[in-house]
Amino acid sequence: MPASPKFAHVVFQTGQPQPMRDWYCTVLDGHVVHSDEALSFITFDEEHHRVALIHPPAPLRPKTPDTAAMHHVAYTFDNLDDLLDRYVRLRDQGVLPAVCIAHGVTTSLYYRDPDGNMVEMQIDRFEEPDDATAYMKGAEYRADSVGPAFDPEALLQARRAGATVEELSDRAWALKSGLPDPMPSLMGHGS
């Protein structure tokens, strides 16, 4: 059987290293392991670095919605309550998601870093990968592979009022909000 690699880190090239370091430390509840004129390394777990920043001396042009680039990196929480706890901590520090989407396979909050890159904070709806794959091959996903947007405050209030994870992970819950198509925000053309 061939060896499977594990994810090690993501590297961003940035012209604004200090705001990027601060943002990733806040959002990921991480800390700087190393920083100098050329590089910064940030981690939030046992790995020596999970996010690296390259800061070249030459000025960089800002990323635009029509730039070919990595779109986002995603982080999975063990459960909805952990995801909501992170949402509240970030909200209380003034860091708000750009868009929240009930993908059906995940419940996801997308944040935009200072350079315009997206960071997805999510929970998986299905415990077994085969169940997620089966859902993605089904009619609901085929009809809308993105899913509806939802208000994270409504999700938080519903959970605090006793709604189950299963109920809140279903797209039907998010559809009730009637929010506009999330694609413009996801692609950087919205809020």
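Screening the range 99-138 for residues that are within 14 Å of residue 73 (Cβ to Cβ) and either loosely packed, with under 15 Cβ neighbours inside 10 Å or among the basic types (Lys, Arg) (or both) and picking the one that is modelled with the highest pLDDT gives 112. Considering (1) charged (D, E, K, R); (2) within 18 Å of residue 164 (Cβ to Cβ); (3) touching a strand residue (DSSP E or B) at 6+ places or on another chain (Cβ under 7 Å), the lone condition that residue 81 does not fulfil carries the number (3). Of all residues assigned to the range 126-139, none qualifies as being free of Cβ contacts under 8 Å to residues at least 60 places away in the same chain, hydrophobic (A, V, I, L, M, F, W, C) and within 18 Å of residue 86 (Cβ to Cβ). Applying the condition of being touching a residue at least 40 places away in the same chain (Cβ under 8 Å) and among the hydroxyl-bearing types (Ser, Thr, Tyr) to the range 146-191 and asking which residue is nearest to residue 78 (Cα to Cα) yields 169.
Those residues that are in contact with a helix residue (DSSP H, G or I) (Cβ under 8 Å, 6 or more places away or on another chain) and part of a strand (DSSP E or B), I need them from the range 69-122; list them, please. 99, 100, 101, 102, 107, 109, 110, 111, 118, 119, 121, 122, listed by residue number.
Say whether the condition of being at pLDDT 95 or above, assigned to a helix (DSSP H, G or I) and buried (at least 19 other Cβ atoms within 10 Å of the Cβ) is met by at least one residue in the range 41-60. Within the range 41-60 (the criterion being at pLDDT 95 or above, assigned to a helix (DSSP H, G or I) and buried (at least 19 other Cβ atoms within 10 Å of the Cβ)), the answer is no, since none of the residues qualifies. Within the range 27-68, the set of residues being among the hydrophobic types (A, V, I, L, M, F, W, C) and in contact with a helix residue (DSSP H, G or I) (Cβ under 8 Å, 6 or more places away or on another chain) comprises 27, 32, 42, 51, 53.
The values are calculated or read from the model by the stated rules, or taken from the named source; none is laboratory data. Quantities reported herein were computed from a predicted structural model and do not represent experimental measurements. For neighbour counting, all protein chains shown are included, and Cβ atoms are generated from backbone atoms with ideal geometry for every residue, glycine included.
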